[in-house]
Each structure stands twice: as C-alpha cells, then as structure tokens.
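Participant: Structure in structure tokens, see below.
The values are calculated or read from the model by the stated rules, or taken from the named source; none is laboratory data. Computed from a predicted structure; not experimentally measured. Ideal geometry is used to build each Cβ from the backbone, glycine not excepted, and the neighbour counts take in all protein chains shown.
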Amino acid sequence: MDILQMISDTLSIITISLCLILKVPQIINLYKLKSAKGMNLPGLFLELTSYTVMTCYNYCNGYSLMSYMEYPIILVQELVLIFLVLKYKNLVNTTSIAGFGVYLAVLAAFGLKIVPTVILSILAPLCTPISASSKIVQLVALIRSKDSESISVLTWFLSAFTNFSRIFTIYLDSADLTLLTNFAISTFLSTSMMLATIYYKNPKKDKEV
C-alpha cells in the first residue's frame, strides 16, 4: 500500500505541475491570433462552473489538497481564457463585468461556508454532466466550424492526461464515486476534443484541394 501511495503522490505532483500550464498554450494561441474563432463561450462558462463547484466541494469536505489542487490552478487560467475570448468577441462590457462580480460573490459564499455545505454535495454530482456538456458543446462547435486554428492541441492532451491520472489518485485517497465518474468521463471527452483539434488543424488545405 505504501508503494501505491507513493505512486499516487508522484502522479498528484505531476498532475498539479502540468495543470500550472494546462490552459497556457490555449491562452498564448488566442493572444497571438487575436481571434477566438472556434472557441465556444457557453462551453467555457460550463467548464468554469464545474471547476468552481469541484474546488469548493473538495475544500469544504476537507479532502487532501494534493488531490484537488489543480482545480483552483485551472480556475485562474480559465478566467483568463474567458476574458480573452470575451475580448476578441468584443463582449467585454458592463454586463460581463457585473457578471464577474456576481461570480466572485458566489465563490466567496461557498468558500466561507456562508452557504450550507450540503448544497455542494447536491451540486457536485451535477458537475459530471456539466463538465461533459461543456466539452460536448465545444466539440460540436469545432466539428461545425471545421477550424481548430485557435484551439491548442497541447491543452487538450494535458487535460486528458491529468484527468486520467486523477482516476488513480482519487481512488486511493477517497474512492469518491462522484469524483471518479467525473474524471473518467472527462478523460474520454478531452481525448475526443484533442483528436478533433488535430483533425481540423489546417482547414485551408481542404479548400485548396
């Protein structure tokens, strides 16, 4: 068991380290292109919701920080990514700023346990369909546009790998079925998104043929 725990801790460190740059390739790609073509905003908001709930769920349940540290790390990157998409879609306005303020207030309410923790226990299982929906929405948008120029393959590869490694670490740490199901589905959909991104990477070539 000690060996398994050592492997789990090593995977956790690798996962957390990779999550430090998970969204960075996508952020850099958007910044260079100055275009959010192929990026689906509703899908990103669904992702943000999922990351936020899971961060609060793990924190309020007192789970080991090593088993969920990637969530707050990705959360910050997701906010930067959403800002860039809003910027390049010309949607940074009073409404979006007010929406961000409401988001921060809700986050604080959960983190400070102003809202009963039982609410998170109800919301956490919903993160699986929410997370799945966010990826499905982005996948469908990509397939329809047939253009993944602004989407980073590396980001989705890292997402698939870190989700897969978490299946093992969560099983040893808490064996929480809600978390295990969430990561298993996320692994499959992140892999699908990565493959679709690779397939549609050079749309101009199709036009030239």
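Participant: Being at pLDDT below 85 and within 15 Å of the chain's Cα centre (by Cα) is the filter here, so list the residues in the stretch 167-186 that pass it.
Facilitator: L179, N182
Participant: Moving on to the next point. Given the structure, is V92 in contact with a Leu (Cβ under 9 Å, 6 or more places away or on another chain) and buried (at least 16 other Cβ atoms within 10 Å of the Cβ)? Show your work before the answer.
Facilitator: Working: in contact with a Leu (Cβ under 9 Å, 6 or more places away or on another chain): yes; buried (at least 16 other Cβ atoms within 10 Å of the Cβ): no.
So V92 fails the test.
Participant: Checking L189 against (1) modelled with pLDDT of 85 or more; (2) surrounded by 20 or more Cβ atoms within 10 Å (Cβ to Cβ); (3) under 19 Å from C56 (Cα atoms), only one condition comes out false. Which one?
Facilitator: It fails just one condition, (3).
Participant: Additional query: Which numbered condition trips up G38, out of (1) part of a helix (DSSP H, G or I); (2) among the small types (G, A, S); (3) within 29 Å of Y200 (Cβ to Cβ)?
Facilitator: G38 satisfies all of (1) part of a helix (DSSP H, G or I); (2) among the small types (G, A, S); (3) within 29 Å of Y200 (Cβ to Cβ) except (1).
Participant: Separate question: Could you pull out every one of the helices (runs of 4 or more DSSP H) wholly within the stretch 50-145 that has 2 or more residues that are of a type outside the set (G, A, S) and in contact with a Phe, Trp or Tyr (Cβ under 6 Å, 6 or more places away or on another chain)? Write out each step before concluding.
Facilitator: On the way: elements: 70-88, 94-111, 117-123, 127-145.
Fully inside the stretch 50-145 and qualifying: 70-88.
Participant: I've got another one for you. Given the conditions (1) hydroxyl-bearing (S, T, Y); (2) touching a residue at least 40 places away in the same chain (Cβ under 8 Å); (3) over 24 Å from L177 (Cα atoms), and given that S17 satisfies all but one, which numbered condition is not satisfied?
Facilitator: Result: S17 fails condition (2) only.
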